[in-house]
1. Which is open to solvent by less than 60 Å² (accessible area, probe 1.4 Å), in contact (Cβ under 8 Å) with a residue 60 or more places away in the chain and within 13 Å of DNA strand D (Cβ to nearest atom), of B:13, B:43?
2. Checking residue B:75 against (1) open to solvent by less than 30 Å² (accessible area, probe 1.4 Å); (2) within 15 Å of DNA strand C (Cβ to nearest atom); (3) not basic (Lys, Arg), only one condition comes out false. Which one?
3. Can you pull out every residue in the range B:120-137 that is without any contact (Cβ under 8 Å) to a residue 40 or more places away in the chain and over 23 Å from residue B:209 (Cα atoms)?
4. Which members of the range B:17-59 meet the condition of being among the polar types (S, T, N, Q) and within 14 Å of chain A (Cβ to nearest Cβ)?
5. Looking at the range B:94-121 only, could you name the residues that are of a type outside the set (S, T, N, Q), open to solvent by 20 Å² or more (accessible area, probe 1.4 Å) and more than 10 Å from chain A (Cβ to nearest Cβ)?
6. Given the criteria within 14 Å of chain A (Cβ to nearest Cβ), within 12 Å of DNA strand C (Cβ to nearest atom) and open to solvent by 20 Å² or more (accessible area, probe 1.4 Å), does residue B:63 qualify?
7. Being in a helix (DSSP H, G or I) and open to solvent by 30 Å² or more (accessible area, probe 1.4 Å) is the filter here; which residues of the range B:175-202 pass it?
There are 2 protein chains.
Amino acid sequence: MFAAVSTETSDAVRKTLEFVRHHRLSKGDRLPSERDLSERFGVTRGSVREALAVLDAMRITERKPKSGIYLRNELEDSGLDALVLQADLGLPFDAQVTRDVTEARILCEEQAFRLACQRRTDADLAKLDQLLDTYAALVANGSNLADEDVAFHLAVVAASQNRVLVRTLTPLMLMSTGWRRRYFASAEIRQRSLIDHRAFVVAIEARDEATATMLVHRHVQTAAEDVRALAEQGATDSDSKD
Amino acid sequence: MFAAVSTETSDAVRKTLEFVRHHRLSKGDRLPSERDLSERFGVTRGSVREALAVLDAMRITERKPKSGIYLRNELEDSGLDALVLQADLGLPFDAQVTRDVTEARILCEEQAFRLACQRRTDADLAKLDQLLDTYAALVANGSNLADEDVAFHLAVVAASQNRVLVRTLTPLMLMSTGWRRRYFASAEIRQRSLIDHRAFVVAIEARDEATATMLVHRHVQTAAEDVRALAEQGATDSDSKD
DNA sequence: CTACCAATCTGGTAGGACCAGATCAAGGCG
DNA sequence: CGCCTTGATCTGGTCCTACCAGATTGGTAG
């Protein structure tokens, strides 16, 4: 969202989050005044207020009239949307968050895939086949698979006929766009990914819950491990870069 | 968040969402200009811009410079945070969303409870016992159980040692604060809720995964059914009122 | 009918102003 | 010396005006 177009507002959001982290502020701590922040960041008070409106809506900060701006949560305890924002802004996650995201994804996707097996319609299958085709095409010419991968996984989840589940998994997928992008640099991995996805569709078409959950578990787990290995090689380069 | 203090910004958010729904705008449609909206809503352009910053961050709208404001998603396809916001603002959900939330909660909480059985620490148990005490006290004097219920459930999830899972379930819990509030009006239900919660803790302490998942499934399911029954009796009063 | 140009509209940003409650320090009173 | 009143100051909430530059659009000239 914000990553695409760099506005003063998104700058202010980023700088505010950086300020909070840099000064190691924790729950209840007070931030500088809007006027102060606008000076620090070199933007108008209006832009700062827009940023604070966003942080407020995300329950990261709380603006107390005539008093000040207070941190509502530890930055690490903020909502998923805030983590997605963090990823969008190019701020790194710590290793624990990364592990937790992977685990949560596996748990939720397993359940979603199970439901998808039970409820998938022919339309869902058609959609998946279509996505598989474009996926294969992208694998062939070596384009950016990251977005298409997300789309595919979410399409499978959508086959569960539970839209809340889709929305639940969306941020979990979006948070890992950073890894995903580097992950798909390898041609071998791209190929394997396509094979896995094909297996997904087969299992879902056959309504084979056991295989489906097994597949998703293995798929996400091995992907996470590969990414971890990549991260260790890649030394200190920040995760979640967009 | 916004429900507590009624600001011009939150008004603008609410009115914008109402505008979208009232005019049946769908993905890609263009909203009136900021200046126009500020006139309609009777607030400053600044307040409108704050509201749009929030809606932008939630991926509901997209502001294209020198062009206009466009709807990014159908209102029904927006993120979970947007649904929480919707609940906060007192806007109703449709029945499907309600069912989906319940199902998603059950799926995720079952998994979280399972992990909690495996990983709960003594500190977690202590925390749960403490929450159970305050819960019992509130049941006794008939106070508002809604918030405490959320806190308890999230504390159990937290015992899974997966903070992302907590953040995933938080919006699912928050979205149902409306029902919850009416739900706990019945003294019998309060009492039964306490018993259920006690059983949770016992199962988690014993690391009894099977019982724990069974309990949470039954707990949430029956609660959802009770709420549905209430809603049918309560005729057309809107859900999710805060 | 087409091509081009200018008026208009749009979001992005800036800067100033006022309000009223919160905060805090100085001063006065006991 | 300590407590309480009081006033200056700070804060977020809101409003207003203004300018910029690209997008849009309408009309005019060819």
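The values are calculated or read from the model by the stated rules, or taken from the named source; none is laboratory data. Because the structure is a prediction, the values reported are computed rather than measured. Here Cβ is always computed from backbone atoms with ideal geometry, including for glycine, and neighbour counts include all displayed protein chains. These accessible areas exclude ligands, DNA and RNA; they are computed on the full protein's heavy atoms, side chains included. Shrake-Rupley method; radii C 1.70, N 1.55, O 1.52, S 1.80 Å.
1. Details: B:43 fails: in contact (Cβ under 8 Å) with a residue 60 or more places away in the chain.
Residue meeting the stated conditions: B:13.
2. Checking residue B:75 against (1) open to solvent by less than 30 Å² (accessible area, probe 1.4 Å); (2) within 15 Å of DNA strand C (Cβ to nearest atom); (3) not basic (Lys, Arg), the one that fails is (2).
3. Once the filter is applied, which keeps residues that are without any contact (Cβ under 8 Å) to a residue 40 or more places away in the chain and over 23 Å from residue B:209 (Cα atoms), the range B:120-137 yields B:133, B:134, B:137.
4. Answer for the range B:17-59, where residues must be among the polar types (S, T, N, Q) and within 14 Å of chain A (Cβ to nearest Cβ): B:38, B:44, B:47.
5. First, pick out the residues of the range B:94-121 that are of a type outside the set (S, T, N, Q): B:94-95, B:97, B:99-101, B:103-110, B:112-117, B:119-120.
Still in the running and open to solvent by 20 Å² or more (accessible area, probe 1.4 Å): B:94-95, B:99, B:103, B:105, B:110, B:114, B:119-120.
Residues satisfying the conditions are B:94, B:95, B:119, B:120.
6. Working: within 14 Å of chain A (Cβ to nearest Cβ): yes; within 12 Å of DNA strand C (Cβ to nearest atom): yes; open to solvent by 20 Å² or more (accessible area, probe 1.4 Å): yes.
Against the criterion (within 14 Å of chain A (Cβ to nearest Cβ), within 12 Å of DNA strand C (Cβ to nearest atom) and open to solvent by 20 Å² or more (accessible area, probe 1.4 Å)), residue B:63 qualifies.
7. First, pick out the residues of the range B:175-202 that are in a helix (DSSP H, G or I): B:177-183, B:187-202.
Passing the criteria: B:181, B:182, B:187, B:188, B:191, B:192, B:195, B:198, B:199, B:202.
Residue-wise test of (1) touching a Lys or Arg at 6+ places or on another chain (Cβ under 8 Å); (2) within 16 Å of DNA strand C (Cβ to nearest atom).
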{"residue": "B:28", "(1), (2)": "no, yes"}
{"residue": "B:31", "(1), (2)": "no, yes"}
{"residue": "B:69", "(1), (2)": "yes, yes"}
{"residue": "B:84", "(1), (2)": "no, no"}
{"residue": "B:107", "(1), (2)": "no, no"}
{"residue": "B:115", "(1), (2)": "no, no"}
